[in-house]
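Input: a single structure, listed below in structure tokens.
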Amino acid sequence: MKPLLLKLQLSPDHSFSVRTSVVLQTYNRWHFHPEVELVYIEQGRGMIFLGDKIQSFQAGDSILIGKNVPHYWLCNGSEENEQAKALVVHFLEDFWGTSFLELPENRLLKELFFKARRGIQLTTKESDTFVSYLFQLAEAKEGERLLFLLHVLYRIAVCKNFQLISSTGYTLALSEDETDRLNRVLVYSTTYFKQKISLEEVAALAHISPHAFCRYFKARTRKTYSQFLLELRIGHACKLLAEAKLSVAQVCFESGFNTFANFNKYFKRITGVSPLHYQKAHNQQQYLSK
């Protein structure tokens, strides 16, 4: 089973790709590609694993991913048949010529691509400043496509409020065998995180000893497997709390925690607030936005 590497499917008339992607609740593969990826989430929610971090996303968010940055999308709707929908742009940094980024007028653009190597997430408020141009880009023809893409990227480059996802200096160069091995661990973890997962289980997936697996996983993600699993469970808990269909106690057990004390302790450690405070704040924000 080889890793899925995205490739541009271009017609002779196009130098970059713009498409609408619609997926059901499913897991993608841990993958990377030479194209920069810009994703605007039209519908749905979930988590993105990017570099050495896990970040939640929801409708209205935009994420810019630099070239060759390993990432993994996990869409998890509230209903079994809920779809996630996104507008996706793929382009090579130098598709407009090797000297284009060296022009003095493109200083901000060059800096943007450098920042994108850590992954850039913009919230709905920031996305609103360029999303209309993004949809015009999807409909544009010939030279207008270039103009709208530049306009979108420049708007992102001058945004003041954004979040860099992965850690400073994070780099990861994986062979196909390595991406396949890591993908098996990620798929298994995101499928069974509500249950107790032992190191022996995941080490067997990687075909190495538990001790070697601990070193392997931390070297490639800059975190222990237990921390990764904890963040995965807390991310799922945040989704359930935001949906407000379950009590905090129910969310605790639905997210793979055995005791409420541990759930409360780790939730506050990762998010900075208690589960109840998170749920109340999220519900208040939804009420004010109506």
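Condition test on VAL18, is it in a strand (DSSP E or B), more than 28 Å from LEU109 (Cβ to Cβ) and at pLDDT 75 or above?
Working: in a strand (DSSP E or B): yes; more than 28 Å from LEU109 (Cβ to Cβ): no; at pLDDT 75 or above: yes.
Spelling it out, it is not the case that VAL18 is in a strand (DSSP E or B), more than 28 Å from LEU109 (Cβ to Cβ) and at pLDDT 75 or above.
Which members of region 122-134 meet the condition of being assigned to a helix (DSSP H, G or I) and either surrounded by fewer than 16 Cβ atoms within 10 Å (Cβ to Cβ) or modelled with pLDDT under 90 (or both)?
Filtering region 122-134 down to residues assigned to a helix (DSSP H, G or I) leaves 124-127, 131-134.
Hits for region 122-134 are THR124, LYS125, GLU126, SER127, SER132.
With within 17 Å of ASN183 (Cα to Cα) and touching a residue at least 12 places away in the same chain (Cβ under 8 Å) as the only criterion, which of LEU240, LEU276, LEU205, LEU230 stands out?
On the way: LEU240 fails: within 17 Å of ASN183 (Cα to Cα); LEU276 fails: within 17 Å of ASN183 (Cα to Cα); LEU230 fails: within 17 Å of ASN183 (Cα to Cα).
Testing whether each residue is within 17 Å of ASN183 (Cα to Cα) and touching a residue at least 12 places away in the same chain (Cβ under 8 Å) leaves just LEU205.
Looking at region 63-76, which of the residues that are on the phi < 0 side of the Ramachandran plot and not in a strand (DSSP E or B) is surrounded by the most Cβ atoms within 10 Å (Cβ to Cβ)? Let's see the steps before the verdict.
Going residue by residue through region 63-76, those that are on the phi < 0 side of the Ramachandran plot are 63-67, 69-76.
Add one more test, that the residue is not in a strand (DSSP E or B), and what stays is 66-67, 69-70, 76.
Working: GLY66: 23, LYS67: 17, VAL69: 22, PRO70: 26, ASN76: 19.
So, considering only residues that are on the phi < 0 side of the Ramachandran plot and not in a strand (DSSP E or B), the one surrounded by the most Cβ atoms within 10 Å (Cβ to Cβ) is PRO70.
Suppose we filter ALA242, ALA203, ALA237 for residues that are more than 25 Å from ILE48 (Cβ to Cβ) and either touching a strand residue (DSSP E or B) at 6+ places or on another chain (Cβ under 9 Å) or crowded, with 19+ Cβ neighbours inside 10 Å (or both); which single one remains? Give the derivation first.
Working: ALA242 fails: more than 25 Å from ILE48 (Cβ to Cβ); ALA237 fails: more than 25 Å from ILE48 (Cβ to Cβ).
Being more than 25 Å from ILE48 (Cβ to Cβ) and either touching a strand residue (DSSP E or B) at 6+ places or on another chain (Cβ under 9 Å) or crowded, with 19+ Cβ neighbours inside 10 Å (or both) holds for just one of ALA242, ALA203, ALA237, which is ALA203.
Residues to consider are LEU92, LEU149, LEU137; find the one that is loosely packed, with under 15 Cβ neighbours inside 10 Å and under 24 Å from TRP73 (Cβ atoms).
On the way: LEU149 fails: loosely packed, with under 15 Cβ neighbours inside 10 Å; LEU137 fails: loosely packed, with under 15 Cβ neighbours inside 10 Å.
So the residue among LEU92, LEU149, LEU137 that is loosely packed, with under 15 Cβ neighbours inside 10 Å and under 24 Å from TRP73 (Cβ atoms) is LEU92.
Checking the condition within 14 Å of SER255 (Cβ to Cβ), assigned to a helix (DSSP H, G or I), in contact with a helix residue (DSSP H, G or I) (Cβ under 9 Å, 6 or more places away or on another chain) and of a type outside the set (Gly, Ala, Ser), which residue from LEU205, LEU240 passes? Steps first, answer last, please.
Values: LEU205 fails: within 14 Å of SER255 (Cβ to Cβ).
Going through LEU205, LEU240 in turn, the sole match is LEU240.
Table: residues versus (1) in contact with a helix residue (DSSP H, G or I) (Cβ under 9 Å, 6 or more places away or on another chain); (2) outside the structural domain of ILE48 (by TED's automatic domain parsing); (3) in contact (Cβ under 8 Å) with a residue 40 or more places away in the chain.
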position: HIS71; (1), (2), (3): no, no, yes
position: LYS85; (1), (2), (3): no, no, yes
position: GLU105; (1), (2), (3): no, no, no
position: LEU134; (1), (2), (3): yes, no, yes
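Residues are listed down the side, and each one gets a yes or a no for (1) surrounded by fewer than 18 Cβ atoms within 10 Å (Cβ to Cβ); (2) within 23 Å of the chain's Cα centre (by Cα); (3) modelled with pLDDT under 90:
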residue: ARG181; (1), (2), (3): no, yes, yes
residue: LYS194; (1), (2), (3): yes, yes, no
residue: HIS207; (1), (2), (3): yes, no, no
residue: SER247; (1), (2), (3): yes, no, no
residue: GLN250; (1), (2), (3): yes, no, no
residue: PHE257; (1), (2), (3): no, no, no
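Give the residue that is surrounded by the fewest Cβ atoms within 10 Å (Cβ to Cβ), with candidates limited to residues of region 47-62 that are part of a strand (DSSP E or B) and more than 8 Å from the chain's Cα centre (by Cα). If you could, list the steps in order and put the result at the bottom.
So the first thing to find is which residues in region 47-62 are part of a strand (DSSP E or B), and the list is 47-50, 53-58, 62.
From what is left, the residues that are more than 8 Å from the chain's Cα centre (by Cα) are 53, 58, 62.
Details: LYS53: 20, GLN58: 14, SER62: 27.
For region 47-62, the residue satisfying everything is GLN58.
The values are calculated or read from the model by the stated rules, or taken from the named source; none is laboratory data. Since the structure is predicted, the reported quantities are computational estimates derived from the model, not experimental observations. Note that we place each Cβ from the backbone using ideal geometry, even for glycine, and neighbour counts take in every protein chain shown.
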